[in-house]
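Working notes, structure below.
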Amino acid sequence: MIYNEREIRQELIEQAARRMMTAARTAPKGKGIDIIEIAMATGEDITCLSDEMIRVAEETGFKFFLRDADNIRRAGAVVLIGTRQQTQGLNCGYCGFATCAAKPAEVPCAINSVDLGIAIGSACATAADERVDTRVMFSAGLAARRLGLLGACGCVMAIPVSVDSKNPFFDRKPKEEPKK
C-alpha cells in the first residue's frame, strides 16, 4: 500500500493535535488540581471560530483579529486550551490581592494562569516534536471563549495546526481596518 502524504495530511494533523492535547493534559498543575479544559476544532468549527473573530474585529476595531481569522482558516485543526477560574487557597498575592478571599471574582487566580501557560508550553513542545506548524493565538482563544467552546473557562488560548511547505502563521501581513 502506498500512502501519499497529501491524501492523509488531515489525518496527520489531527493525530498531532491529539498528542498536543495529551501533552497539555499531563502538564504539571498547581497543587495538583486540574482545572484545564482542552478541545480540538476542525472543519466547519474552524470556520465558525474564524467568523467570530471577524465579528470581534468589527466590534473592537482590532485589525489583527482579521489577519488571524484568515490564518486559522488555513489550519487543519485548532487546539483550544482554557482554564476554569478557581482560587487555589494559597493566599500567595500573585493576583495582586493579599488573600484569595480579597480577590474579586473577575480577577483570575495567578496559579490558574500559570497552569494554562504550562499546558500551552507542553502542547507547543509536542507540536515541535511532531514537526507541525503552530502559533499560540489570544485572538482565536477569545473567539472560542465567546462561543462557549470550552464551557465556563475564563481564559482560553488557541493553537492552530498546519502541515504545509511554509508556516501560514508567521510572516503575516496586517489586514485593513474592519468595515463599520
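The values are calculated or read from the model by the stated rules, or taken from the named source; none is laboratory data. What you see is a predicted model; the values in this text were computed from it and never measured. Neighbour counts run over all protein chains shown; Cβ positions are idealised from the backbone, glycine included. What goes into the accessible areas is simple: the full protein's heavy atoms, side chains included, and nothing from ligands, DNA or RNA. Shrake-Rupley method; radii C 1.70, N 1.55, O 1.52, S 1.80 Å.
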Practice task
Classify the chain as rounded, prolate or oblate from the Cα gyration tensor: take a ≥ b ≥ c as the square roots of its eigenvalues, call it rounded if a/c is under 1.5, otherwise prolate when a/b beats b/c and oblate if not.
Solution key: oblate
Handout entry: Cα gyration tensor, the stretch 52-152 - rounded (a/c under 1.5), prolate or oblate
Key = oblate
Handout entry: GluC sites (Glu not before Pro) lying in DSSP loop within the stretch 95-180, provided at most 12 other Cβ fall within 10 Å
Key = Glu106, Glu176
Exercise for the section: Using the charge dipole of the chain (Lys, Arg: +1 at Cβ; Asp, Glu: -1 at Cβ; taken about the Cα centre), state which of Gln15, Ala105, Ala119 has its Cα farthest towards the positive end. Expected result: Ala105
Exercise for the section: Go through Gln85, Ala39, Tyr3 and say which Cα lies farthest out towards the positive end of the charge dipole of the stretch 1-117; charges sit on Cβ, +1 for Lys and Arg, -1 for Asp and Glu. Expected result: Gln85
Problem - Protein accessible area in the chain, 1.4 Å probe - carbon and sulfur % - result: 53
Completion exercise
Of the DSSP H helices in the chain, the ones reaching 20 Å or more along their long axis in Cα terms and averaging at least -1.0 in Kyte-Doolittle hydropathy are 5-26, 43-60, 110-130
Practice task
Assign unit charges at the C-beta atoms only (+1 for Lys and Arg, -1 for Asp and Glu), then state the dipole size of the chain relative to its Cα centre in Debye, rounded to the nearest 20.
Solution key: 360
Handout entry: the stretch 3-43-the stretch 52-118 distance, computed between alpha-carbon centres (Å)
Key = 19
Completion exercise
Treating every alpha carbon of the stretch 97-180 as one equal point scatterer without solvent, the Debye formula yields log10 I(q)/I(0) values at q = 0.15 Å⁻¹ of -0.75
Handout entry: Unsatisfied cross-links (Cα-Cα over 26 Å) in the set Lys63/Lys103; Lys31/Lys103; Lys63/Lys166
Key = Lys63/Lys103
Practice task
Normalise the Cα radius of gyration of the stretch 69-127 by 2.2 N^0.38 Å (N = residues in it) and let me know the number.
Solution key: 1.48
Practice task
Quick one: grab the alpha carbon gyration tensor of the stretch 1-99, order the square roots of its eigenvalues as a ≥ b ≥ c, and give me rounded if a/c is under 1.5, else prolate or oblate depending on whether a/b is larger than b/c.
Solution key: oblate
Problem - Probe 1.4 Å, protein heavy atoms only - accessible area per residue of the stretch 74-180 in square angstrom - result: 52
